[in-house]
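Q: Here it is, the structure, as structure tokens.
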Amino acid sequence: MSSTRKVSTYCYQCVNGPDMLTVEVTDGVATTVAPNFAAKGYHPADGKVCVKPYGLVQKIYNPNRILKPMKRTNPRKGRGEDPGFVEIEWEEALDTIAARLNAIRAESLVDEDGYPRVAFTTGGAATPYFYMGTFASFLAAWGPVDQSLGAGGTVKCYHTEHVYGELWHRAFTVCPDTPRCEYIVSFGNNIDASGGVTSVRRHADARARGIKRVQIEPHLSITGASASEWIPIRPKTDPAFLYAMLHVLLHERPLADLDRPFLKARTGSPYLVGPNGFFLRDPASRKPLIWDAGSQRAVPFDTPGADPALLGRYSLSGLEVGADGKEWMHGAVEATTAFEVTREMVAPHTPEWAAPITDVPAATIRRIANEFVEHARIGETIEFEGRTLPFRPVAVMLGKSVNNGWGAYECVWARTMLMVLVGGLEVPGGLLGSTVHISGMDFDRMGSVAPSPDGFLDYPFNPTDKEHWAAQPQVRHGHTTLIPIIGGGLTSQLMGSTVLTWMRLQGRAADSWGKPKPPDLWFVYRCNPNISFSETDKMGETMATFPFTVAFSYTQDETNHFADLVLPEAIDLESTQLIRLGGTHYFEQFWDSQGWVLRQPVVEPRGEARDFTWISTELAKRTGLLEAYNSMINMGAAGLPLKTDKYDFSLDVSKPHTVEETWDAVCRAASADVTDGAASDGLAWFKENGFRVKPFPKINWYLYPRMEDMGLRFELPYQERVLRIGQELAARLHEQGVTWWDRQLHEYEPLPTWKDLNKLWADAYERAYKIKASDYPFWLLTARSMQYAWGGNVSLQMIREVAANVAGHDGIMINAKVADEMGIAQGDRIEVTSPVGVTSGRALLRQGVRPDTVVMVGQFGHWKTPYAKDLDMPSLNNLVPMNMDLVDGTGSAVDAVLVKIKKIGSKR
Ligand SMILES: Nc1nc2c(c(=O)[nH]1)N[C@H]1C(S)=C(S)[C@@H](COP(=O)(O)OP(=O)(O)OC[C@H]3O[C@@H](n4cnc5c(=O)[nH]c(N)nc54)[C@H](O)[C@@H]3O)O[C@H]1N2
Ligand SMILES: Nc1nc2c(c(=O)[nH]1)N[C@H]1C(S)=C(S)[C@@H](COP(=O)(O)OP(=O)(O)OC[C@H]3O[C@@H](n4cnc5c(=O)[nH]c(N)nc54)[C@H](O)[C@@H]3O)O[C@H]1N2
Ligand SMILES: [Mo]
């Protein structure tokens with residue numbers, strides 16, 4: 001008799017998870033993916049699943065899976081070389097790795113330059129951490145590991161929002177308060193493709209409620225198609241549009257139309273700026289001064305009863321504190337409010353000025369700006385969990401392509417300023433941060449709030465003073481040396497300039513630091529940098545020089561083609577892990593509860609695929625690190641501490657533990673965590689029930705109440721700290737003879753000044769590649785696809801079949817009229833050439849693409865990954881230059897490129 005059971009688990013294939021699901025198993029075979037209705041009332045999409053999990057069943061039975069460890073037999077590495085992989089036993093694979101690791105440990109964990117000799121790269125915007133069991137505990141036990149060899153995420157992702165967002169409002173990522181918002185202006189935020197099932201649900205509900213969403217982007221994305229309005233802006237001109245919106249709010253409307261109480265009490269707008277660009281301070285307390293309109297004199301910002309002036313210039317005495325302890329004591333000097341300085345900065349940026357730059361009519365820009373203010377309901381309040389809060393149902397969103405490289409600081413600053421001017425930051429209806437990574441633990445955003453002496457949020461900048469600056473780079477991109485705002489925490493390494501690492505390994509950057517040696521042992525897991533990063537052919541050549549690469553792999557791909565060992569771990573529906581759930585997370589995961597969810601084997605692992613926790617324990621055993629590894633797990637590296645003053649489920653550190661024993665202990669700790677020590681149910685309970693939560697107070701969706709309680713201000717508009725830090729960093733680098741970071745130092749402006757980005761790109765290309773920019777008349781862009789999780793599921797036929805029904809998945813999108821003029825018909829083969837690379841594909845003629853833009857959806861261009869390599873879907877990545885002139889001050893790069901196009905064949 002056949003038997004069927006339903007098993008509960010999670011999906012975290014893209015950043016929008018975790019979402020719950022159930023899988024039906026008949027006679028040991030997974031057959032069907034279905035919602036987890038037990039999550040109704042908790043999960044923002046009530047336990048429904050997105051399209052991607054439906055591919056998981058096929059993922060298990062994919063005939064192209066690697067099912068046994070393999071080793072390379074051809075010592076020559078190269079794209080054209082057959083690696084000659086042969087299957088080996090796990091014993092041999094683990095012993096080989098351990099022998100290498102033990103040799104490294106016996107000699108030195110770092111090389112002669114001080115760089116870790118072991119490196120680890122993962123991708124998928126860190127989601128692989130939710131699939132790699134206790135491997136993080138093993139790495140923590142190992143010691144220094146270089147994570148600067150980034151995959152395509154890192155600098156090409158949402159980068160500038162991560163760093164400045166966290167500085168300003170604890171927002172590694174942001175989200176509108178979608179259930180309450182009424183008007184969203186989106187600059188290339190492709191939420192209907194990129195947001196996962198919770199976004200789909202929340203935005204569908206919002207549309208039913210009548211929300212208006214204006215989509216501003218060069219091509220009509222899925223999100224544009226479901227928006228109220230699409231505005232085809234010229235690529236790389238979003239800062240001009242945003243600055244013109246600021247101009248309308250600050251120059252064309254009366255001050256009374258803005259949220260004056262918010263600006264006065266919750267921002268640095270009234271702070272007075274002195275002649276050297278620093279705040280004027282009270283010499284005794286060193287607190288920044290404001291102008292009190294009541295007493296008509298300058299007083300410290302936190303003076304009770306003061307009525308801060310927002311506008312104007314005042315004559316006063318005060319102290320300016322500059323870089324490296326430099327001080328100016330002014331007897332009588334003219335100082336200007338930060339708000340006034342901002343007004344002056346945007347004075348020339350009228351809609352009429354922005355129109356020819358953005359290719360959007362001035363009247364449209366003006367209308368959007370005015371609609372934004374008019375929808376903001378300034379002055380209205382809402383009762384929330386017994387508290388009266390401002391209600392501002394508007395939000396400005398940015399997509400990833402305006403969030404990286406030059407211009408991104410301007411975009412993120414202007415967007416956050418628009419929110420500040422209407423008092424819509426971190427209040428019901430408005431724009432909310434969802435999680436933190438740099439300034440604290442992701443699940444405890446409120447816990448990351450601490451006051452700075454100037455009345456803002458404290459922030460863990462890397463030190464730039466003479467005594468504490470990290471002159472010696474810790475890892476190959478030197479994030480603690482070069483990028484103060486990246487911080488020095490667990491995630492900071494991933495956010496440093498990974499472009500710099502690869503270019504240094506290629507001997508193309510940071511001359512005075514010399515060319516680093518590659519890591520002696522490189523672990524890669526669940527990412528494919530050789531597809532997802534830039535100048536990928538060159539990157540492959542670099543990977544070929546690495547002495548020993550260990551790839552944990554599901555199928556063959558373009559990165560493990562260069563590996564020495566390829567190891568199959570038990571995948572999504574075959575392995576065990578417990579992770580956090582709920583609270584506020586990523587894009588649209590806003591919950592009323594928080595807790596833990598289990599991933600469990602739905603079926604036995606196929607072939608010799610092994611659970612990552614087993615692999616990690618075996619490596620720990622063989623490298624003499626068992627005790628350290630178990631201690632890391634006990635301390636919380638597997639999710640939460642196994643011992644606190646409320647409970648103790650800690651593992652005996654002296655012996656190895658099975659996968660089940662390990663996760664049973666983590667499950668018990670999680671049960672205690674959720675019940676304040678009352679429950680201690682373990683793995684069996686979670687296998688049966690799937691998840692366990694406790695209430696998450698909704699007031700914690702919003703930072704504003706916490707800021708109000710602590711009397712804190714958002715550090716906007718004026719970036720005094722950034723100015724000071726930039727000057728110090730410049731001094732430190734110049735003292736060391738480092739001049740190759742000078743262009744990046746320009747970004748340390750207190751207010752980001754507008755730059756002509758199209759010219760910046762053209763100039764950079766002409767300098768570097770000796771070409772004429774006008775010969776490259778198109779911008780080549782990329783866009784998300786709901787069906788694909790990066791390049792993670794490109795080898796699933798079923799996902800392809802679904803995607804084939806969605807516009808954009810059959811070639812290169814080009815404007816129909818332009819194509820016609822060039823003699824290109826639908827389906828013709830076109831060649832796309834940038835100054836550094838060339839690719840080709842089928843022309844896909846569309847009205848919904850600007851005449852100066854072409855788009856390649858998703859992350860394809862495979863030449864090794866089974867199935868995907870036969871899709872004939874090109875990628876822009878090999879065409880995008882790695883070029884230090886295009887790396888911005890936070891180390892982020894760019895994911896767009898100027899190209900030319902020619903027809904090379906007619907439709908077959
Ligand atoms: N063209 C283009 N490139 C981009 C982007 C874009 O929009 N367009 N976006 C960029 C951004 S923002 C990001 S965050 C990055 C992401 O890019 P990466 O972080 O590099 O991630 P993926 O390309 O998804 O790589 C996933 C790899 O994991 C493998 N894999 C899938 N499932 C498993 C599994 O269960 N086990 C193992 N061991 N391996 C598995 C897949 O075969 C694939 O090789 O890409 C960047 N690159
Ligand atoms: N299904 C799915 N969801 C995902 C992912 C996934 O792989 N699959 N990846 C996750 C990750 S890591 C990320 S970073 C996010 C990315 O999420 P989003 O940023 O929302 O999505 P993308 O489609 O990558 O954004 C690209 C859009 O920006 C537009 N664009 C390009 N250049 C410009 C410009 O100069 N100005 C303007 N205004 N628009 C421009 C393009 O036309 C395109 O529509 O998605 C996340 N969600
Ligand atoms: Mo990303």
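Q: Which of the strands (runs of 3 or more DSSP E) contained wholly in segment 1-45 include at least 3 residues that are at pLDDT 95 or above and surrounded by 16 or more Cβ atoms within 10 Å (Cβ to Cβ)? First the steps, then the outcome.
A: Working: elements: 4-11, 19-26, 29-34.
By residue number, 4-11, 19-26.
Q: Counting only residues that are more than 10 Å from ligand 2 (Cβ to nearest atom) and under 26 Å from the mean Cα position of the chain (by Cα), which one in segment 781-802 is nearest to residue 880 (Cα to Cα)?
A: Residues of segment 781-802 more than 10 Å from ligand 2 (Cβ to nearest atom): 794-802.
Adding the requirement that they be under 26 Å from the mean Cα position of the chain (by Cα) leaves 794-796, 799-800.
On the way: 794: 21, 795: 24, 796: 27, 799: 27, 800: 25 Å.
Result: 794.
Q: Would you mention how many residues in segment 178-201 are buried (at least 24 other Cβ atoms within 10 Å of the Cβ), touching a Pro at 6+ places or on another chain (Cβ under 6 Å) and not in a helix (DSSP H, G or I)?
A: The number of residues fulfilling the criteria is 2.
Q: Another question, if that's okay. Please determine, by comparing only the residues of segment 106-125 that are not aliphatic (A, V, I, L, M) and not in a loop (DSSP other than H, G, I, E, B), which one is nearest to ligand 1 (Cβ to nearest atom). Full working, then the answer.
A: Filtering segment 106-125 for residues not aliphatic (A, V, I, L, M) gives 107-108, 111-117, 120-124.
Cutting the leftovers down to not in a loop (DSSP other than H, G, I, E, B) gives us 107, 116, 120-122, 124.
On the way: 107: 29, 116: 20, 120: 13, 121: 9, 122: 7, 124: 5 Å.
Once the filter is applied, the top-ranked residue is 124.
Q: For the list (1) touching a residue at least 40 places away in the same chain (Cβ under 8 Å); (2) under 13 Å from residue 56 (Cα atoms); (3) in contact with a strand residue (DSSP E or B) (Cβ under 7 Å, 6 or more places away or on another chain), I need the number of the one condition that residue 32 fails.
A: (1)
Q: Continuing with the same structure: Are any residues in segment 360-392 under 17 Å from residue 432 (Cα atoms) and crowded, with 24+ Cβ neighbours inside 10 Å, and if so, which ones?
A: Passing the criteria: 372, 376, 390, 392.
Q: Right, here's the next one. Of everything in segment 499-528, what is within 16 Å of ligand 3 (Cβ to nearest atom) and assigned to a helix (DSSP H, G or I)? Give them in sequence order. Walk me through it before giving the result.
A: Of the residues in segment 499-528, the ones within 16 Å of ligand 3 (Cβ to nearest atom) are 499, 526-528.
Within segment 499-528, 499 is the sole residue that qualifies.
Q: May I pose another question? Among the candidates 264, 236, which residue alone is crowded, with 24+ Cβ neighbours inside 10 Å and either over 17 Å from residue 374 (Cβ atoms) or within 16 Å of ligand 3 (Cβ to nearest atom) (or both)? Don't jump to the end; show me each part of the working.
A: On the way: 264 fails: crowded, with 24+ Cβ neighbours inside 10 Å.
The unique qualifying residue is 236.
Q: Is it the case, given these coordinates, that residue 650 is over 25 Å from residue 571 (Cβ atoms) and in contact with a strand residue (DSSP E or B) (Cβ under 7 Å, 6 or more places away or on another chain)?
A: yes
Q: How do the pairs read when you match residues in segment 549-566 that are free of Cβ contacts under 8 Å to residues at least 24 places away in the same chain and closer than 10 Å to residue 526 by Cα with residues anywhere that are within 16 Å of ligand 3 (Cβ to nearest atom) and of a type in the set (A, V, I, L, M, F, W, C), using Cβ under 6 Å and keeping only pairs 6 or more apart or on different chains?
A: none
Q: Do we have any residue at all in segment 815-831 that's part of a loop (DSSP other than H, G, I, E, B) and either under 23 Å from residue 761 (Cα atoms) or under 28 Å from the mean Cα position of the chain (by Cα) (or both)? Even if it seems obvious, please write down each step before you answer.
A: So in segment 815-831, the residues part of a loop (DSSP other than H, G, I, E, B) come out as 822-828.
Those still in the list that are either under 23 Å from residue 761 (Cα atoms) or under 28 Å from the mean Cα position of the chain (by Cα) (or both) too: none.
No, segment 815-831 has no match at all.
Q: Please enumerate the residues belonging to segment 99-151 that are modelled with pLDDT of 95 or more, within 16 Å of ligand 2 (Cβ to nearest atom) and hydrophobic (A, V, I, L, M, F, W, C).
A: 130 - this is the single residue of segment 99-151 that is modelled with pLDDT of 95 or more, within 16 Å of ligand 2 (Cβ to nearest atom) and hydrophobic (A, V, I, L, M, F, W, C).
Q: Restricting to segment 152-177, count the residues that are outside any helix (DSSP H, G or I) and more than 16 Å from ligand 2 (Cβ to nearest atom). Write out each step before concluding.
A: Taking segment 152-177 as the starting set, the residues that turn out to be outside any helix (DSSP H, G or I) are 152-153, 157-159, 170-177.
If we keep only those that are more than 16 Å from ligand 2 (Cβ to nearest atom) too, we end up with 170, 177.
Of the residues in segment 152-177, 2 are outside any helix (DSSP H, G or I) and more than 16 Å from ligand 2 (Cβ to nearest atom).
Q: Among the listed residues 485, 531, identify the single one that is in a helix (DSSP H, G or I) and within 16 Å of ligand 1 (Cβ to nearest atom).
A: Every option except 531 fails the conditions.
Q: Another question, then. Would you be able to say whether some residue in segment 608-619 is in a loop (DSSP other than H, G, I, E, B) and basic (Lys, Arg)?
A: The first filter runs over segment 608-619 and keeps only residues in a loop (DSSP other than H, G, I, E, B), leaving 608-609, 611.
The next check asks that each one be basic (Lys, Arg); those that pass are none.
No, that holds for no residue.
Q: Here is a check on your reading of the model: is residue 871 without any contact (Cβ under 8 Å) to a residue 40 or more places away in the chain, buried (at least 18 other Cβ atoms within 10 Å of the Cβ) and either more than 16 Å from ligand 3 (Cβ to nearest atom) or not aliphatic (A, V, I, L, M) (or both)? Before the answer, list the steps.
A: Numbers: without any contact (Cβ under 8 Å) to a residue 40 or more places away in the chain: no; buried (at least 18 other Cβ atoms within 10 Å of the Cβ): yes; either more than 16 Å from ligand 3 (Cβ to nearest atom) or not aliphatic (A, V, I, L, M) (or both): yes.
When the stated conditions are applied, residue 871 does not pass them.
Q: In segment 680-697, how many are touching an Asp or Glu at 6+ places or on another chain (Cβ under 7 Å), within 14 Å of residue 9 (Cβ to Cβ) and in a loop (DSSP other than H, G, I, E, B)? Talk me through it step by step, then tell me what you get.
A: Here is the first cut: in segment 680-697, the residues touching an Asp or Glu at 6+ places or on another chain (Cβ under 7 Å) are 682-683, 695-697.
If we keep only those that are within 14 Å of residue 9 (Cβ to Cβ) too, we end up with 683.
Adding the requirement that they be in a loop (DSSP other than H, G, I, E, B) leaves none.
Looking only at that region, the number is 0.
Q: Which is closer than 30 Å to residue 437 by Cα and away from ligand 3 (no atom under 16 Å from the Cβ), of 51, 7, 25?
A: On the way: 7 fails: closer than 30 Å to residue 437 by Cα; 25 fails: closer than 30 Å to residue 437 by Cα.
The conditions single out 51.
Q: Is segment 135-151 home to any residue that is in a loop (DSSP other than H, G, I, E, B) and within 27 Å of residue 600 (Cα to Cα)? Spell out the reasoning first.
A: Looking only at segment 135-151, we keep the residues that are in a loop (DSSP other than H, G, I, E, B), and these are 143-145, 147-151.
This time we only want the ones that are within 27 Å of residue 600 (Cα to Cα), so: none.
No.
Q: Anything in segment 376-398 that is outside any strand (DSSP E or B) and of a type in the set (Lys, Arg)? List them, or say none.
A: Kept after step one, since they are outside any strand (DSSP E or B), are these residues of segment 376-398: 376-380, 385-386, 391-393.
Matches in segment 376-398: 377, 392.
Q: For residue 115, all conditions in the list (1) under 26 Å from residue 433 (Cβ atoms); (2) more than 16 Å from ligand 3 (Cβ to nearest atom); (3) not β-branched (Val, Ile, Thr) hold save one; what is the number of the exception?
A: (1)
Q: Additional query: Which one of these does residue 521 not meet: (1) buried (at least 24 other Cβ atoms within 10 Å of the Cβ); (2) over 21 Å from residue 747 (Cα atoms)?
A: Condition not satisfied by residue 521: (1).
Q: What's the total number of residues in segment 201-253 that are in contact with a helix residue (DSSP H, G or I) (Cβ under 7 Å, 6 or more places away or on another chain) and within 15 Å of ligand 2 (Cβ to nearest atom)?
A: Residues meeting the conditions: 23.
Q: Separate question: With without any contact (Cβ under 8 Å) to a residue 60 or more places away in the chain and part of a loop (DSSP other than H, G, I, E, B) as the only criterion, which of 208, 204, 227 stands out? Talk me through it step by step, then tell me what you get.
A: On the way: 208 fails: part of a loop (DSSP other than H, G, I, E, B); 204 fails: part of a loop (DSSP other than H, G, I, E, B).
Result of the check over 208, 204, 227: 227.
Q: Moving on to the next point. Residues of segment 120-175 being among the acidic types (Asp, Glu) and more than 15 Å from ligand 3 (Cβ to nearest atom), which ones?
A: Pass one, segment 120-175, residues among the acidic types (Asp, Glu): 146, 161, 166.
Answer for segment 120-175, where residues must be among the acidic types (Asp, Glu) and more than 15 Å from ligand 3 (Cβ to nearest atom): 146, 166.
The values are calculated or read from the model by the stated rules, or taken from the named source; none is laboratory data. These numbers were taken from a predicted model, which means no experiment stands behind them. Methodologically, a virtual Cβ is constructed for each residue, glycine included, from the backbone with ideal geometry; neighbour enumeration extends over all protein chains shown.
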